[in-house]
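The values are calculated or read from the model by the stated rules, or taken from the named source; none is laboratory data. On a predicted model such as this, the values are computed, not experimentally measured, just so you know. Every residue, glycine among them, receives a Cβ derived from its backbone with ideal geometry; neighbour counts consider all protein chains shown. Each accessible area value is taken on the protein alone, full model and side chains, heavy atoms only, with ligands, DNA and RNA left out. Shrake-Rupley method; radii C 1.70, N 1.55, O 1.52, S 1.80 Å.
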Amino acid sequence: AFAVSVVSEGAEDETELPVLQKSGKSKTISKIGRELKGIVFVIQSQSNSFHSKRAEDLKRDILKQAVDLGKELPTVLLTHEINRHEGAWTILPLMKDFSVTYGRNASWIFFCEEDTRIQVVKLLETLRRFDKSKEWFLGKALYDEESTIIHHYAFAENPTVFKFPDFAAGWALSIPLVNKLAKKLKSEPLKSDFTIDLKHEIALYIWQKGEGPHLTPVPEFCTDDVNSYKVDHCATTFSNFLPLCGEPVNKEDVFVAVKTCRKFHGDRIPVVKQTWEREAALIEYYSDYADISIPTIDLGIPNTDRGHCGKTFAILERFLNHTSPRTPWLVVVDDDTLISISRLRKLLSCYDPNEPVFLGERYGYGLGTGGYSYITGGGGMVFSRTAVQKLLASKCRCYSMDAPDDMVLGMCFSGLGIPITHSPLFHQARPMDYPKDYLSHQIPVSFHKHWNMDPVKVYFTWLAPNTEESRNGKNVGYNREDL
């Protein structure tokens, strides 16, 4: 839609035919081809069959647009195929490879998600505005309106000053910056700590406490839907929808396990019953005390102040041995998790329960030095029965009863060679802990915690079935701006 080749009588080389662009400027196909060859597209992909297919579809679309423009094809990489790095998804461990392979013959590394849509000509026009010989960090800017635990309360005095990229819109690093980062990583390896919010942590690393570049906001990097009237100027758009691959899975195909303990029976369980319990056909509450009024099941595991590994593994054993083998999915949530089971059923229609699926919000531990990824528990952990079978058959277990269950599970699955599957629709924190612009292109599946908020109000504003159409901050009984 953005370029039309014109056959000119007497033109000797078809690669030199002019291209008419929306801007009215004329460029030769050969020059566009050279520019395209200077971009390395990196799709932040996953190995799960549903996600890898979407990434492959995007790769094909990029290459098709390139073919339509001329003979030079760009490089398109999928991060899940870069197998030497358990932490390839965290991007920074790849910088040395990018520098060695593309440091001399490319201009830009352009990153995007599998659902990012790219108008290649418009992207070239956008990148042309920036001097590729300088250090550039480009993207759609997000910022915290108040300091948040997710970002370790960074920039507490004024969190709006620090900008970080919305990966959904795509983001770009110039090769001089890639080379600089690679050199720094060589002399100062990444520390073995946690990866919690990758987009914020990458921006912090590049910023280097003020010595490196800030993110430069690029208005052409967009997260509006491709069909929106707003996208005429956009080089990228984003499919902001809840994936649905056929009919939602049946209610009876999802078994929900709620982890609780006696001290929270009186305040947290009533919230579950007022909100999402009615969406679940199969639900059990697991505690350190059998309370018939709820009812809760005492698993015989003493409550621990942290970790809960023993309790979670007991739940996995019970699911495998005491539920119908025809129930393919298990969801484990905390008693202060708010979740939309109806949206989860739609999402699960895209996954094959015969594969070992372990799904939720991905965190990382020590990924710069050979650590592992894990699904953070508060946002909800989703297992296919196949994944539970493989896990329990492996004899990988808790090293202590109060070990962090989500991290032990990540370690176990990593040891089994079973990659976890990330969905940004699960949230370890509250809606107010995320930038509004980030949530505006999501239909969320879960949030977590009851701190300083009304959890019932949050549920009916963000997650209840009748709020399905209310994304982008529209009012549905409550005002999302207040939540």
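Things to note:
- Distant-in-sequence amide contacts of Cys350, defined by a placed amide H-H separation under 5 Å and a gap of 5 or more residues or a different chain, comprise Cys245.
- Gain upon complete extension [Glu211, Glu81; 0.36 nm per residue less C-alpha separation]: 43.5 nm
- Each residue of the range 271-281 was assigned a 3J(HN,Hα) from its phi angle through the Karplus curve 6.51 cos²θ - 1.76 cosθ + 1.60 (θ = phi - 60°); the sequence is 5, 4, 5, 7, 10, 9, 4, 5, 7, 9, 7 Hz, with glycine and proline shown as x.
- Straight-distance crosslink candidates among aspartates and glutamates, where the alpha carbon sits under 15 Å from Lys186 and sequence neighbours closer than 8 are dropped: Asp97
- In degrees, nearest ten, helix 198-207 long axis to first principal axis of the chain (Cα): 50
- Cα-based helix-to-principal-axis angle, 309-322 vs the chain, degrees rounded to 10: 80
- Loop sites in the range 321-374: trypsin sites (Lys or Arg not before Pro), DSSP, at most 14 other Cβ within 10 Å: Arg326
- Environment charge at Thr116 (Cβ cut-off 11 Å; Lys +1, Arg +1, Asp -1, Glu -1): -2
- Rounded Å value of the spacing that divides the Cα centres of the range 200-231 and the range 380-434: 30
- Ellipticity at 222 nm from helices only: DSSP H runs of n ≥ 4 in the chain, each -39500 (n - 2.57), divided by the residue count, give -8000 deg cm²/dmol.
- Working from Cα pairs under 8 Å separated by at least six residues, relative contact order for the chain is 13 percent.
- Relative contact order (percent, whole number), the range 161-277, Cα cutoff 8 Å, 6+ residue spacing: 21
- A dipole drawn for the range 33-238 from +1 and -1 charges on Cβ atoms has a positive end, and of Pro159, Thr79, Ser228 the residue lying farthest that way is Thr79.
- Heavy-atom accessible area with a 1.4 Å probe sorts His450, His151, largest first, into His450, His151.
- Between the C-alpha center of the range 70-93 and that of the range 142-173 there is a gap of 25 Å.
- Set against the labelled values (1) -0.32, -0.73, -1.07; (2) -0.42, -0.80, -1.06; (3) -0.29, -0.65, -0.94, log10 I(q)/I(0) by the Debye sum over Cα atoms at q = 0.06, 0.09, 0.11 Å⁻¹ computed from this structure falls on (3).
- Peptide packing: for 113-124, 234-245, 130-141, 260-271, the average count of neighbouring Cβ atoms within 10 Å per residue gives the ranking 113-124, 234-245, 130-141, 260-271, highest mean first.
- Reachable lysines, given that their alpha-carbon falls under 20 Å from the alpha-carbon of Lys390 and they are not under 8 places away in the same chain: Lys311
- Cut-off under 5 Å, modelled amide H: who pairs with Arg117 long-range: Thr237, Phe238, Ser239
- Partnerless Cys - the chain, beta-carbon criterion under 4.7 Å: Cys112, Cys261
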